[in-house]
Each structure stands twice: as C-alpha cells, then as structure tokens.
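Below: one structure, written as structure tokens.
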There are 2 protein chains.
Amino acid sequence: MADNNRVARLAERPVGMVKADNFTISDEPLPEPGDGEFRVHVEYVSIDPAMRPWLNDVPSYIPAVQIGEVMRGLGSGVIEASNHPDFAVGDAVGGLFGVQTHAISNGKGVTKLDLSLAPLERWIGGLGMPGMTAYFGLLDVGRPKEGETVVVSAASGAVGSLVGQIAKIKGCRVVGIAGGAEKCKAVTDMGFDVCVDYKAGNLAEDLRAACPKGIDIYWENVGGEIGDTVFPQMNQFGRVVVCGLISMYNATKPPTGPINLGFILRSRLRVQGFIVFDYTDRYQEAIDDMGKWVADGKLVMREDVRDGGVDAFVDVLNLLYTGGNNGKLVLKT
Amino acid sequence: MADNNRVARLAERPVGMVKADNFTISDEPLPEPGDGEFRVHVEYVSIDPAMRPWLNDVPSYIPAVQIGEVMRGLGSGVIEASNHPDFAVGDAVGGLFGVQTHAISNGKGVTKLDLSLAPLERWIGGLGMPGMTAYFGLLDVGRPKEGETVVVSAASGAVGSLVGQIAKIKGCRVVGIAGGAEKCKAVTDMGFDVCVDYKAGNLAEDLRAACPKGIDIYWENVGGEIGDTVFPQMNQFGRVVVCGLISMYNATKPPTGPINLGFILRSRLRVQGFIVFDYTDRYQEAIDDMGKWVADGKLVMREDVRDGGVDAFVDVLNLLYTGGNNGKLVLKT
C-alpha cells in the first residue's frame, strides 16, 4: 500500500489550451476514511473532453472545478480501507474520484463494478461514461430508423466509435468524420460504411458523396466548421444530437460563423442538447445491451490506456485536442 | 364581374429587400376554367414573411417562385365560375391562389370557408396560416406546461400575437419582444404579462428582469441578434420553436455571430424547426379550439387589412421587414 496520495489540484484557470502550470501535482498524506466512508485506490482515470469546460468558471450543468480543488475526473479502482457498511475492502468501484491515486468517498454516486464482465479500465471506457453517452444519445435522442444515414464527427474517438457501431447494429448507413488516413482506417475497420477525412480539405463534397441520400442523424462532437458543413446536408426531419463541441472548448472568445437556424427551420431539424448524467437511472439498460453486443462480436470497445500516472495528466488531456488519441483515453495512475 | 385579371409576376430575383422592379404588375385577360376547374375572385391575399425566402432560388421546403410565374400567395375569395363538381359558384374558398385578382384552380389544396364562423380576411389571418402556425408550433413543438415562461419574438405580429395568447390560455407566463412602445402596448393589451422593447437597447437585461425564472420556451420568429440574446437565458430542457427568421430573409450574405450550440448542449435545449404545412391534416383541430377561444373572449385576432390592390403588393410586403404592420397583414385586392 502506498504511503502518499499523488494528486492534481487546479492552481489557476487555463486560458485556451491547458498548460502544466495550471495544475499543482504533489504528494499528500494518504487520506483516512471517516465513519461511513471508504478509501479507493484509483487505478484508472478517464480523460474526457468535458474536463476542459469543467475548468471554466461559467454556469453549466455541473459547477466549475474551484482553484485548489482536486481535478474532477471519473475513475475506477479497488477499495483498500472501509468504514462503510455497504462497501468492503477489495470491492471494485467506479465514480467521480478525481485525478489522484487515492480518494475518500461516502459511496454517493459510486457504482460497484463486475470485473467478471469487463476489466477496470473498460468500466470507465466502453461501459462507462462514453458508452452510456453513445447509447442513450443515439437511441433516445437521435432515434435512428433502419436505413437512415447517420454521420458521426470525431468518429475515431471514445464516444464516436461506439455511436457508429451502435448505429450499424440498428441497420443504418454510417459515415464517420475523422482527421487523417490512419484514423479513418480505424473507423472503417470498426465497421463504419465510409470515413471522410476532414483534413483532406473537401469535407462538403466528400460528405455529399458519402451520403447520397442526405443525412438523417448528425452526431455533433465537434462544432465549429465541421458542424457548419454538415447542417446544410441534413434531410428534412433530421436530428442533430449535440453531445460535444470539442473544437470550441479551448476557445478564448465566442466562435463566430454562419448560424445554422435557417437550415433548422427549412428542414424541420430537431437539434437537441444532451448530457449523459440525465440518464444515470437507466445505465443498466445500456450495460446489458452493450455487454451482449460485445459478447456477440458486434461491438468493439477500444481503450487507449496511457502510463505516466497523475503527473502525465495535462499531457494526456491535451491529446484529445490535438487528435493524438486512438479510442477512449484512459490514464493509468 | 371584372374584365381583366390584375396579376403580379416575378420579373427578376430580388437582392436584399424586394423592390417594385422585381415584379411586373399588369392586366391579363380573365382566365377561363377548363374541365374540372373553377375561377375564384380573390378578395384578400395574405402577406407573409415567408414570401421573401420563396423568391430565393435555393432548395427549401417548397420550390422557389420562378421568373415569369405569378407570385405565390395564400388568398381567400368567392368562386365566380365553375366546371368542378365539388365547387359551386358562390362558394367561399381559401388556397394558394397567388397575388392576383382572379385564379383558376382544380380544387387541390383548396378549403371551403364557413363565412358564418369568420369573414374572408380572417380565414387567411387568425384562422389561416398564422393561426395554424401558432397553434401547432406552440402546442405540438413547444409543448408548454402550466407555469412555464414563454418568450415570443415579433410578439405584435400575426403569429406572435396568437402564440402569446394561446400560451396564456395554457397557463404560462408570457413575455413578448417587440420594437417600440406602441407595439409593446399592443402586446400587453393582448394579455401578455410583459413586453420587452428591443429598440430600448437593453434586451439582455430587460429580458432577464422580465423572466425571473428563466425561459422555458422561446418562439423564434426573428433570428439574428435577438435569438443570440435569448438562447443564453434558456432554462435546462428548454425548447426553441424555430418558426421564422425574419431578420435574415433580406440578407445578402450568411449572417455571422456567436453560434448557440454551447447553450443547446449545456442546457439540453431542444431546438426544432417547424413548417405549418406539415400539419394540414390537423387544421380542423386548431380551427375548432381557436374558434371556441375567440367566441369565449379568450383570444383576440387582429387583421391589418391594407388597400391598394395587387399594385400595392411590394409596398405592403415590405411593411413586414420595416415593422410597419400591426397584426396579421392582409392585402385587399
């Protein structure tokens, strides 16, 4: 058992991209659980695009991380000390444990993980927040019908890769958008019908060629120019699942560009925002379905696990914004 | 009976605001109905914001008016000659008769009007397209719940004034946005709780003061800066009914401005485009309900009928974009 807790605390709010100086990473004494609490040895931390907006002190669906606080993050690990009646030493658990090696919890919002079904890193990957996001966002908000065309931005990413595969399972034509030939190959290897490389510079035409019947569902992970290019190609009664806007998260001023309301009106689009935390009561449905699809070989989940521990947090986080990851990004503490 | 048909035909596509030169207005011989056709003496033409985008040669929910064609327009009138088994001389009818004094029709898309319920001009006003738009857009797309706050842009206009009154009937707090003290007075006279004058220059603050509990439904008639100001004040799970974008219809280049996707995401908004023609099968529901509300004194319909005939078409149309109308704009031919 470690003697210390390695922990990343917010030192100052980033402007634009996150820099090493924005966090203090240091050893702190191993925290002791009080009554009704337990201590988790956090083995994996989920590195998510949402981490960047969590650092901005603006009203959102969740409070901003405050200066001096442990960086918020989902993690998975094993309980190593417990004064809680429902959680025992040795239990595998997942929750918002923060970017640190050891966390104290009272059990609120913590789920027990069945390691016979999937290993620790997958419970913050395909069966964690990205999986839940893909499942409910596509099925509940996007509502795909067989034969429809689904376009997924950031298609090689944690969420996008699952969205596309689930859309295939539901009988759709699935077109990914990704940056570069290598990522596009990974996307078609996962079963997407086509992948359009936005870095090739002809996104509008390439997308039109890839979607001869237009686009019925657009999964918005990116925003900015990519979103602006997709909207005009949406079919009537199309749906846009606004899941993420990674192109805007490091922006230092409001993005400008053509406003898409004209297309929303003329094509009677439904553009709907979506936050996975609204579906916590229904996660088990997704775990059951997706677990079965994985077992049947219909769904491939890829975690991109990075070493380097808590000290590597900023470098690994920035891979998301430079396109350096390949699948769901996970930091091994 | 007239000897001629006075008719407005598109001469050239307008750039920006419509100008007199864009239309040829002339006398043509009175058209004779063929087999299975009838001739309507069109007494009233509905002057609608949608007329401007109908002139642009871009893909939309309805084909553009072609050069040389009679200007598209909804009208109401009385049949004066008929070779159609289901339509008799003297029948009052409504339909897309165009901007002209006499129209030939085969009856497709034409509805018979009950003049004992409402006069001809109202059947292209409160009980016509604007009424249907307000009714289905608010109830079917916006889905107001009692106690919610509804904000209506272009609140003194044909659609906006009905949206607000129906929202009041459904138990909502209703805030209008209109330009100038006179229009705002007309809006509160119709029973809106508050009207915010966007010309006063403090729209964001005035709106915040008028909506202490935030905004649950925004009826988008305008777009541009007004829409940009409203979006950030939307409550979680709010709904934006994108009905019209009058601020953009005369634009000669795509509008630029902050894209609102960030607010859509964080607040899980549903932003949905809406075209009333999708509800033609259900118009009778609206006519029944709204007719009853009018009879009960709960709903006031105001038509702003302008004289000048077909020759005044362009001048009357432009009142919509300069804010010169007061209620549903109707041209008496």
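Here is the figure for segment A:213-230: residues that are within 11 Å of chain B (Cβ to nearest Cβ) and more than 19 Å from A:Ala167 (Cβ to Cβ) total 4. Evaluated against (1) surrounded by fewer than 16 Cβ atoms within 10 Å (Cβ to Cβ); (2) more than 15 Å from B:Thr333 (Cα to Cα); (3) touching a Ser or Thr at 6+ places or on another chain (Cβ under 9 Å), B:Arg13 falls short on exactly one condition, (3). Scanning segment B:99-145 for residues that are more than 15 Å from B:Glu303 (Cβ to Cβ) and among the charged types (D, E, K, R), we see that the one that is nearest to the chain's Cα centre (by Cα) is B:Asp140.
For segment A:269-308, residues that are part of a strand (DSSP E or B) and of a type in the set (A, V, I, L, M) total 2. Which one is modelled with the lowest pLDDT, of the residues in segment A:231-246 that are within 14 Å of the chain's Cα centre (by Cα) and outside any strand (DSSP E or B)? Top of the filtered list is A:Ile246. Scanning segment A:181-217 for residues that are closer than 23 Å to A:Trp293 by Cβ and either assigned to a strand (DSSP E or B) or aliphatic (A, V, I, L, M) (or both) returns A:Ala186, A:Val187, A:Met190, A:Val194, A:Cys195, A:Asp216, A:Ile217.
When A:Leu207 is tested against the conditions (1) touching a residue at least 60 places away in the same chain (Cβ under 8 Å); (2) farther than 19 Å from A:Arg266 by Cα, the lone failure is (1). Regarding A:Val150, is this residue at pLDDT 95 or above, away from chain B (no Cβ under 14 Å) and crowded, with 23+ Cβ neighbours inside 10 Å? Yes, satisfied.
Let's see how each residue does on (1) touching a strand residue (DSSP E or B) at 6+ places or on another chain (Cβ under 8 Å); (2) within 14 Å of chain B (Cβ to nearest Cβ); (3) more than 23 Å from A:Gly126 (Cα to Cα):
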residue	(1), (2), (3)
A:Ala11	yes, no, yes
A:Val15	no, no, yes
A:Asp21	no, no, yes
A:Leu30	yes, no, yes
A:Val40	yes, no, no
A:Asn56	no, yes, yes
A:Ala81	yes, no, yes
A:Gly95	yes, no, no
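I'd like the residue in segment B:118-147 that is of a type in the set (Asp, Glu) and in a helix (DSSP H, G or I) and, out of all such residues, is surrounded by the fewest Cβ atoms within 10 Å (Cβ to Cβ). That would be B:Asp140. Of the residues making up segment B:303-333, those that are of a type in the set (Val, Ile, Thr) and under 15 Å from the mean Cα position of the chain (by Cα) are B:Val305, B:Val316, B:Val330.
Considering each residue of segment A:139-146 in turn, none proves to be under 27 Å from B:Arg268 (Cα atoms), of a type in the set (Lys, Arg), touching a residue at least 12 places away in the same chain (Cβ under 8 Å) and in contact with a Pro (Cβ under 6 Å, 6 or more places away or on another chain).
Residues in segment A:188-198 that are modelled with pLDDT of 95 or more and among the hydrophobic types (A, V, I, L, M, F, W, C) were compared, and the one that is nearest to A:Gly297 (Cα to Cα) is A:Phe192. With respect to B:Arg72, determine if the residue is touching a Pro at 6+ places or on another chain (Cβ under 8 Å) and at pLDDT 95 or above. No, not satisfied. Can you name every residue in segment B:272-314 that is hydrophobic (A, V, I, L, M, F, W, C) and out of contact with any strand residue (DSSP E or B) (no Cβ under 7 Å at 6 or more places or on another chain)? Result: B:Ile275, B:Val276, B:Phe277, B:Ala286, B:Ile287, B:Met290, B:Trp293, B:Val294, B:Ala295, B:Leu299, B:Val300, B:Met301.
If you filter segment B:52-81 down to residues that are among the charged types (D, E, K, R) and surrounded by fewer than 19 Cβ atoms within 10 Å (Cβ to Cβ), you find that the one that is nearest to A:Asn235 (Cα to Cα) is B:Asp57.
Considering (1) touching a His at 6+ places or on another chain (Cβ under 6 Å); (2) in a loop (DSSP other than H, G, I, E, B), the lone condition that A:Asn5 does not fulfil carries the number (2). Evaluated against (1) surrounded by fewer than 21 Cβ atoms within 10 Å (Cβ to Cβ); (2) away from chain B (no Cβ under 14 Å), A:Phe277 falls short on exactly one condition, (2). Where strands (runs of 3 or more DSSP E) sit wholly within segment B:11-116, those with at least 1 residues that are in contact (Cβ under 8 Å) with a residue 60 or more places away in the chain and not β-branched (Val, Ile, Thr) occupy B:23-29, B:38-46, B:75-82, B:102-105. Of all residues in segment A:148-180, those satisfying the criterion of being assigned to a strand (DSSP E or B) and touching a helix residue (DSSP H, G or I) at 6+ places or on another chain (Cβ under 8 Å) are A:Val150, A:Val151, A:Val152, A:Val174, A:Val175, A:Gly176, A:Ile177, A:Ala178.
Tell me, yes or no, whether segment A:199-220 has at least one residue that is touching a Gly at 6+ places or on another chain (Cβ under 7 Å) and modelled with pLDDT under 90. Among the residues of segment A:199-220, at least one is touching a Gly at 6+ places or on another chain (Cβ under 7 Å) and modelled with pLDDT under 90, which makes the answer yes. If you check A:Pro33, A:Pro49 for being surrounded by 18 or more Cβ atoms within 10 Å (Cβ to Cβ) and out of contact with any Leu (no Cβ under 6 Å at 6 or more places or on another chain), only one passes: A:Pro33.
The values are calculated or read from the model by the stated rules, or taken from the named source; none is laboratory data. Not measured: the values here are computed from a predicted model. In this analysis, Cβ positions are derived from the backbone assuming ideal geometry, glycine residues included, and neighbour counts consider all displayed protein chains.
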